[in-house]
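> Below is the structure I would like to discuss, written out as structure tokens.
The values are calculated or read from the model by the stated rules, or taken from the named source; none is laboratory data. This one's a predicted model, so the numbers in the text were calculated from it and none came from an experiment. Reconstructed Cβ throughout: ideal geometry from the backbone, glycine too, with neighbour counts over all protein chains shown. For accessibility, only protein heavy atoms count, side chains too; no ligands or nucleic acids. Shrake-Rupley method; radii C 1.70, N 1.55, O 1.52, S 1.80 Å.
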Amino acid sequence: MIFFCSNVNFRPNVVAGAKHFVGDGGIEGGVNEHNTLETYYDLFQIHMCPYLYSLEKDEHGFKGFIISDWEGIDRITSPGSNYSYSVSSSINAGMDMVMVPFKFENYISNLIELVNSGQISMSIIDDAIRRILRVKFIVGFFKHPKTDRSLLGMVGNPVKIAREAVRKSLVLLKNRNGGEKPLLPLNKNTQKILVAGTHADNLGYQCGGWTISWAGNNGSMTVNKNLITQKSCVNLICLYHT
């Protein structure tokens, strides 16, 4: 993770990270969390350049810290097959902070055992702690551990902001050209619009990932859904599941 500080009321308070790590853009077949199969030369020249690696700590004086992805180290070996190796290989490779959302007791016990057995040196642990604490001190975390509630007024109405974000993030997939009358903007006198396709009345598909659940779900993800489907139309809008 690399970080920068942004001043609000002259107080540094933002830690930002660059993700994902080396090779994520070269995964086989474009499959999420898949393997990157490259020569070391190609890995270094193509994928490593934009990111930070252990050499950054030694050669370039990187003062931030590196954090794993959500359950990232679990993917080093098949889930549950050799978790101890997953922990040791990631920490020894320079991982400073590990994102363990659920089975953190298992992670802690494995890490302690690996340190006690000498498979992970205390110097690596000390370096990770030093990096994490350095960033927290720089951004003033220990002086101001909580957010400044007086700044809530700067945010505005969260419902209105969410609606504006949805309106501005909609993507036009096709508009007629070559002499044809454009489909959009829709005629203001249009009385009925058919919304068709697998996404038409599916809140889970429309929300996508990182809303209610991690990768998104099929169907109703929350009780307060607000989707309208008409049975007849003047113009047709299709939302396809890709």
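> Which members of segment 62-86 meet the condition of being in a loop (DSSP other than H, G, I, E, B) and among the aromatic types (Phe, Trp, Tyr)?
Listed by number, the residues that qualify are 62, 65, 70.
> Of all residues being assigned to a loop (DSSP other than H, G, I, E, B) and of a type in the set (D, E, K, R) in segment 154-177, which is surrounded by the fewest Cβ atoms within 10 Å (Cβ to Cβ)? Just the residue, please.
Applying the filter and picking the extreme gives 174.
> Among the numbered criteria (1) under 29 Å from residue 149 (Cα atoms); (2) of a type in the set (Gly, Ala, Ser); (3) modelled with pLDDT of 65 or more, which single criterion is violated by residue 6?
(3) is the only condition that residue 6 fails.
> Which condition breaks for residue 151 when tested against (1) at pLDDT below 80; (2) surrounded by 10 or more Cβ atoms within 10 Å (Cβ to Cβ); (3) in contact with a Leu (Cβ under 9 Å, 6 or more places away or on another chain)?
(3)
> Being among the hydrophobic types (A, V, I, L, M, F, W, C), more than 24 Å from residue 35 (Cβ to Cβ) and open to solvent by 40 Å² or more (accessible area, probe 1.4 Å) narrows it down to one of 108, 125, 76, so name that one.
Unique residue meeting the criteria: 108.
> So which pairs qualify, if the first residue must be in segment 96-112 and part of a loop (DSSP other than H, G, I, E, B), the second must be surrounded by fewer than 14 Cβ atoms within 10 Å (Cβ to Cβ), the Cβ gap must be under 7 Å, and the two must be at least 6 apart or on different chains?
Short answer, once both residue conditions are applied: 99/70; 101/70.
> Let me ask something else about it. For segment 125-154, enumerate the residues that are closer than 17 Å to residue 98 by Cβ and of a type in the set (Asp, Glu).
126, 127
> For segment 178-208: of the residues being closer than 15 Å to residue 220 by Cβ and in a loop (DSSP other than H, G, I, E, B), which is nearest to the chain's Cα centre (by Cα)?
The qualifying residue nearest to the chain's Cα centre (by Cα) is 208.
> What's the number of the only condition in (1) more than 27 Å from residue 62 (Cβ to Cβ); (2) open to solvent by 50 Å² or more (accessible area, probe 1.4 Å) that residue 83 fails to meet?
(2)
> Kindly establish whether residue 120 is open to solvent by 70 Å² or more (accessible area, probe 1.4 Å), closer than 30 Å to residue 61 by Cβ, out of contact with any Phe, Trp or Tyr (no Cβ under 9 Å at 6 or more places or on another chain) and modelled with pLDDT of 80 or more.
No; evaluated as a whole, the condition is false for this residue.
> Under 6 Å between Cβ atoms, which residue pairs at least 6 apart in sequence (or on different chains) link something in segment 31-43 that is free of Cβ contacts under 8 Å to residues at least 12 places away in the same chain and at negative phi with a partner that is exposed (fewer than 13 other Cβ atoms within 10 Å of the Cβ) and in a helix (DSSP H, G or I)?
That search, which allows pairs on different chains as well, returns 34/28; 35/28; 37/28.
> Okay, next question. In segment 80-99, which residues are farther than 14 Å from residue 110 by Cβ and within 21 Å of the chain's Cα centre (by Cα)?
Those that are farther than 14 Å from residue 110 by Cβ and within 21 Å of the chain's Cα centre (by Cα): 94, 96, 97, 99.
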